[in-house]
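**Student:** Handing you a structure now.
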Amino acid sequence: MTLSNKPEPSTINQQLTTKSQIGIIGSGAMGAGIAQVAAAAGHNVILFDTNKTALDKAKHNLESTLKKLVEKQKLTAQNSKEITDRIQFASELMECKNCELIIEAIVENLDVKQKLFSDLENIVSTDCILASNTSSLSIASIGSACKNAGRVIGIHFFNPAPIMPLVEIIPAITTESIVTEHSKKLIDSWGKQTVLTKDTPGFIVNRVARSFYGESIRIYEEGIADFATIDWAMKTVGGFKMGPFELMDFIGNDINYKVTESVWTQFFYEPRFKPSLTQKRLYEAKWFGRKSGKGYYNYAEGAILPAPKENDELAKTIFYRVIAMLINEAIDSLYLQLASKEDLDLAMTKGVNYPKGLLKWADELGLQIILDILENLYANYAEDRYRPCILLKTMAAKGETFY
Ligand code: NAI
């Protein structure tokens with residue numbers, strides 16, 4: 001048996017077209033959004049959930065979202081009706097039997113997902129592709145619950161699915177190449193920007209973005225600057241739309257902390273992804289951010305947000321330290337063939353709104369400068385998290401660029 005051993009024989013014969021019925025399992029934030037995207041692209045959609053209240057809520061939210069789009073003249077009343085008519089809300093899994101692609105967006109729990117995939121395989125035709133929208137579980141482990149793991153793939157949307165353009169396509173080592181091809185082609189036809197990536201923890205975005213949060217928290221923990229100053233530095237020098245602390249409060253410190261912990265443990269405790277006690281305490285105290293009224297900042301009515309210390313030198317120090325860590329991660333991802341350089345850059349600009357792709361940014365800032373920053377940090381702290389990627393070293397030595 002080799003690593004690229006594929007299940008045989010290939011069973012996925014038919015192409016996915018707008019005539020293909022799409023099944024979405026789980027009608028929460030992600031499932032409902034993906035159902036809207038698929039219906040807007042012309043598919044008949046079966047949206048299934050075990051929880052009747054969740055289904056009712058999804059129906060109600062969809063109607064009010066479409067109503068707002070019509071009011072803003074982004075959609076005609078006719079289009080809105082067509083989208084609604086194309087979505088069938090189902091409370092029996094059996095109703096998905098004629099689907100040609102099913103995208104699962106249920107609770108993030110491996111056992112529950114494996115049981116669902118195994119049940120689905122007994123219902124659908126042998127041609128049906130089974131996809132998971134998981135953010136943190138391995139696609140290979142989900143696929144292992146199926147008799148034909150070759151039909152299982154990761155199709156990872158970002159929240160909110162109708163608005164965020166990026167979709168990560170993640171074939172597992174067991175996925176048939178035809179399944180990857182058909183899935184990518186279909187999601188492209190929905191007007192999304194797809195990037196192809198390997199089945200590794202955090203895929204592209206949730207892995208590469210870790211240092212934006214982690215290194216910023218570290219800078220705060222060392223007493224170099226406060227939250228407001230770090231946010232200000234990353235926005236003014238880096239051009240990021242939101243600073244790391246504003247963004248963590250926006251995402252939710254519960255979610256952001258859990259993703260960090262998951263990526264770190266799944267990478268066998270790689271020091272670059274190590275979570276921080278600062279954020280863990282916020283999580284434990286339920287200081288989740290905007291949604292709980294308090295996080296790194298206070299969002300209570302009338303609360304005054306702290307002002308940054310506007311020191312240009314300090315701002316540059318903060319920015320260069322964080323961007324060097326981000327670029328090192330992007331380079332390491334390229335070195336380990338996680339994705340192409342174009343897809344790595346696209347993922348960060350379209351998935352998390354970075355002002356530039358990190359590899360393009362590396363070229364602009366100069367690879368030698370990034371290497372010097374990391375080697376300095378590595379020498380001073382003697383910590384593995386600051387070790388520069390070998391590809392950065394060799395390219396800097398040869399004076400090469402990515403583009
Ligand atoms: P959610 O909690 O809003 O919705 C999950 C839904 O699945 C619920 O309505 C629940 O009733 C239903 N459900 C649970 N078990 C089920 C089962 N066995 N069969 C059918 N329905 C079942 O969750 P959310 O946020 O929509 O996430 C769903 C998936 O998408 C997770 O795997 C998550 O990691 C992933 N994801 C989430 C993102 C986010 O920002 N929320 C972004 C990208 C991926």
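**Student:** Provide the net charge surrounding P308, with neighbours chosen by a C-beta distance below 11 Å and charges set as Lys +1, Arg +1, Asp -1, Glu -1.
**Tutor:** Taking every other residue near P308 into account, the sum is -1.
**Student:** Pop a pseudo-label 7 angstrom from the Cα along the beta-carbon direction at both I224 and D312 and give the gap in nm to one decimal.
**Tutor:** For the pair I224/D312, the computed spacing is 2.0 nm.
**Student:** At 4 °C and a viscosity of 1.567 mPa s, what translational diffusion coefficient does Stokes-Einstein give for region 303-369, taking Rh as the Kirkwood radius over Cα pairs? Give it in µm²/s as a whole number.
**Tutor:** For these conditions, the coefficient is 97 µm²/s.
**Student:** Let me ask another. What distance in nm separates the simple spin-label points at Y299 and K59, each placed 7 Å from Cα in the Cβ direction?
**Tutor:** So the label points at Y299 and K59 sit 3.0 nm apart.
**Student:** Spelling out what I want: for every residue of region 151-160, take phi, set θ = phi - 60°, compute 6.51 cos²θ - 1.76 cosθ + 1.60 (Karplus), and round to whole Hz; glycine and proline get x.
**Tutor:** Each residue of region 151-160 in turn: 8, 9, 8, x, 10, 9, 8, 10, 9, x Hz.
**Student:** In whole Å, what are the extents of region 237-299 along the principal axes defined by its C-alpha atoms, from largest to smallest?
**Tutor:** For region 237-299, the Cα spread along each principal axis is 36, 32, 15 Å.
**Student:** Tally Lys/Arg at +1 and Asp/Glu at -1 over every other residue whose Cβ is under 15 Å from the Cβ of G295; what's the total?
**Tutor:** Summing Lys/Arg as +1 and Asp/Glu as -1 gives +1.
**Student:** Name the residues whose placed amide hydrogens come within less than 5 Å of the amide hydrogen of A90, ignoring near sequence neighbours (fewer than 5 apart) on the same chain.
**Tutor:** HN-HN under 5 Å from A90: L47, F48, D49.
**Student:** How large is the Kirkwood hydrodynamic radius of region 323-403, counting all unique pairs of alpha carbons, in Å?
**Tutor:** Kirkwood hydrodynamic radius for region 323-403: 12.7 Å.
**Student:** What are the GluC sites (Glu not before Pro) within region 173-234 that DSSP puts in a loop, where the Cβ has at most 11 other Cβ atoms within 10 Å?
**Tutor:** Qualifying residues, ordered by number: E222.
**Student:** Follow-up. Which three lengths, in whole Å and largest first, does region 204-403 cover when its Cα atoms are put on their principal axes?
**Tutor:** 55, 38, 34
**Student:** Any chance you could check the Cα centroid distance between region 70-93 and region 233-268 for me, in angstrom?
**Tutor:** 34
**Student:** Let me ask another. How are the alpha carbon pair distances in region 176-219 distributed across 10 Å bins from zero to the largest one, expressed in percent?
**Tutor:** 23, 35, 26, 14, 3
**Student:** I need the calculated FRET efficiency for the pair S125 and K241, taking r as the beta carbon distance and R₀ as 41 Å, to the nearest 0.05.
**Tutor:** Given R0 = 41 Å and the Cβ-Cβ separation, E is 0.40.
**Student:** Once you have all Cα-Cα distances for region 184-309, histogram them in 5 Å bins from zero and send the whole-percent values.
**Tutor:** 2, 10, 17, 20, 19, 13, 9, 6, 3, 1
**Student:** Could you tell me how many degrees, from 0 to 90 and to the nearest 10, lie between the Cα long axis of helix 29-40 and the main elongation axis, the longest principal axis, of the Cα atoms of the chain?
**Tutor:** That works out to roughly 60 degrees.
**Student:** Counting other Cβ atoms within 10 Å, keep those with at most 13, restrict to DSSP loop, and tell me which GluC sites (Glu not before Pro) in region 70-107 are left.
**Tutor:** In loop regions of region 70-107 (DSSP not H, G, I, E or B), the sparsely surrounded GluC sites (Glu not before Pro) are E92.
**Student:** Compute the whole-percent fraction of alpha carbon pairs in the chain spaced more than 28 Å apart.
**Tutor:** In whole percent, the share of Cα-Cα pairs in the chain beyond 28 Å is 51.
**Student:** Output the pairs from K235/K341; K280/K341; K115/K185; K192/K286; K147/K274 with a Cα-Cα distance over 31 Å in this structure; if there are none, say none.
**Tutor:** K280/K341; K192/K286; K147/K274
**Student:** Also: Which of the trypsin sites (Lys or Arg not before Pro) across region 46-134 are loop residues per DSSP, with 14 or fewer other Cβ within 10 Å?
**Tutor:** Answer by residue number: K72, K74.
**Student:** Let me ask another. List the residues, sorted by chain then number, that are 5 or more residues from K294 or on another chain and whose placed amide H is less than 5 Å from its amide H.
**Tutor:** When sequence neighbours closer than 5 places are left aside, the close amide H contacts are F288, G289, Y299.
**Student:** Please compute the net charge surrounding D254, taking Lys and Arg as +1 and Asp and Glu as -1 over other residues with Cβ under 15 Å from its Cβ.
**Tutor:** Overall, the nearby charge balance is +3.
**Student:** Over all Cα pairs of region 22-199, how is the pair count split among 10 Å bins, expressed in % and running from 0 up to the last occupied bin?
**Tutor:** 10, 41, 37, 11, 1
No lab work stands behind these numbers, since they all come straight from the coordinates. Small disclaimer: the values here were computed from a predicted structure and weren't measured. Methodologically, a virtual Cβ is constructed for each residue, glycine included, from the backbone with ideal geometry; neighbour enumeration extends over all protein chains shown.
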